[in-house]
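Colleague: Have a look at this one.
Since every read-out is calculated from the coordinates, none of them should be taken as a lab result. Since the model is a prediction, treat every value here as computed from it, not as a measurement. Every residue, glycine among them, receives a Cβ derived from its backbone with ideal geometry; neighbour counts consider all protein chains shown.
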Amino acid sequence: MASDQTSFPARRAAAARNRDRILTAARAAFADPAADISMAEIARRAGVGMATLYRNFPGRQELLEALYVDEVDALCAAAGSADGQAPGAAFAAWLRRVFAFIPGKRLIVAELLEHSDDDRPAIHGQRARALAAGRPLLAAAQQAHEVRDDLTLEQIFDMIVAIAKIHGDSDYLEPMIQTMLDGLRLPTGST
């Protein structure tokens, strides 16, 4: 009986490692826009069996939702770490992270929206979470008179999404995102 008690934590740790390996493999697989990735391919890349994959994620939908939520979690967590930057710089750095988040998630979001009910919070509640995480950054930058105060975070997100939808590599898109960030600065002499 004592040997069973000591094996439970080891099993839980192994299960958590397997789940992490699956998510890591799926994240890399779905980052390639040209790839048509099957669940079997994800299991192969993760080095786990199909039973382990399906025990963690009963279907493709659940796997995609978990990937998306994990990424939004990281985005929200990043909003809380300004690392001693000025408020405007911290906000701009976070917006760059938002911008970097979008292109790699296009396939995941498109597939989730195609096969999901309208009331599934795994998709529709995530924008609200990201907005809530970013609002204190925007407020601090506006209060420090480093960012204009006539735009909402929703408007700024919509600009980022519009730029991210433009086809082109990072060299092509970088001047556009920089122009948007420059345009967020409070005009000179308006404090």
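Colleague: For labels at R97 and M50 in the simple 7 Å Cα→Cβ model, what's the distance in nm?
Modeller: Computed distance between label sites R97 and M50 equals 3.9 nm.
Colleague: Only residues of the stretch 152-191 count here: report those whose backbone N is under 20 Å from the spot 7 Å along Cα→Cβ of A86, or say none.
Modeller: 178-191
Colleague: Further question: If you stretched the chain out fully between M39 and R11, how much longer would it get, using 0.36 nm times the residue separation minus the C-alpha to C-alpha distance?
Modeller: 7.8 nm
Colleague: Evaluate 2.2 N^0.38 Å with N set to the residue count of the stretch 125-191, then give the Cα radius of gyration divided by it.
Modeller: So the stretch 125-191 has a normalised radius of gyration of 1.21.
Colleague: How would you rank 128-139, 72-83, highest first, on the average number of other Cβ atoms within 10 Å across their residues?
Modeller: The densest-packed peptide leads the list: 128-139, 72-83.
Colleague: Something else: How do the peptides 166-177, 36-47, 85-96 rank, highest first, by the average count of neighbouring beta carbon atoms within 10 Å per residue?
Modeller: Packing order, densest peptide first, comes out as 85-96, 36-47, 166-177.
Colleague: What distance in nm separates the two pseudo spin-label positions at A132 and Q155, each 7 Å out from Cα along the beta-carbon direction?
Modeller: 2.4 nm
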